[in-house]
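The values are calculated or read from the model by the stated rules, or taken from the named source; none is laboratory data. This structure is a prediction, so every number in the text was calculated from the model and none was measured. Here the Cβ is made from the backbone with ideal geometry for all residues, glycine too, and neighbour counts use every protein chain on show.
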């Protein structure tokens with residue numbers, strides 16, 4: 001597996017850990033090319049390293065934001081936009 005940056009995904013309140021994931025470094029900035037006012041989006045690929053996939057899959061299926069927390073204490077609201085299908089594949093998260 002490629003080098004990944006390990007981060008923690010928590011419920012939006014920050015109290016309960018859902019999973020530890022690895023960001024693999026692939027990121028994409030997207031913007032609607034026909035709109036002058038739509039904001040850019042940052043989408044980053046990830047893999048689940050360990051944790052409970054159930055709540056992560058629920059947040060994905062319900063389009064519910066979660067909290068991404070770095071080891072140095074920084075955090076960001078994200079949404080899972082594509083779940084990895086198995087332990088060897090990658091999904092996508094969108095920074096909100």
Checklist entry - Which ones in region 38-51 are surrounded by 13 or more Cβ atoms within 10 Å (Cβ to Cβ) and closer than 16 Å to residue 6 by Cα? => result 44, 45, 46, 47, 48, 49, 51
Checklist entry - Picking from 5, 28, 38, 13, which residue would you name as being at negative phi and at pLDDT below 75? => result 38
Item to check | Pick from region 54-96, criterion touching a helix residue (DSSP H, G or I) at 6+ places or on another chain (Cβ under 8 Å) and part of a loop (DSSP other than H, G, I, E, B), ranking: farthest from residue 10 (Cα to Cα) | outcome: 83
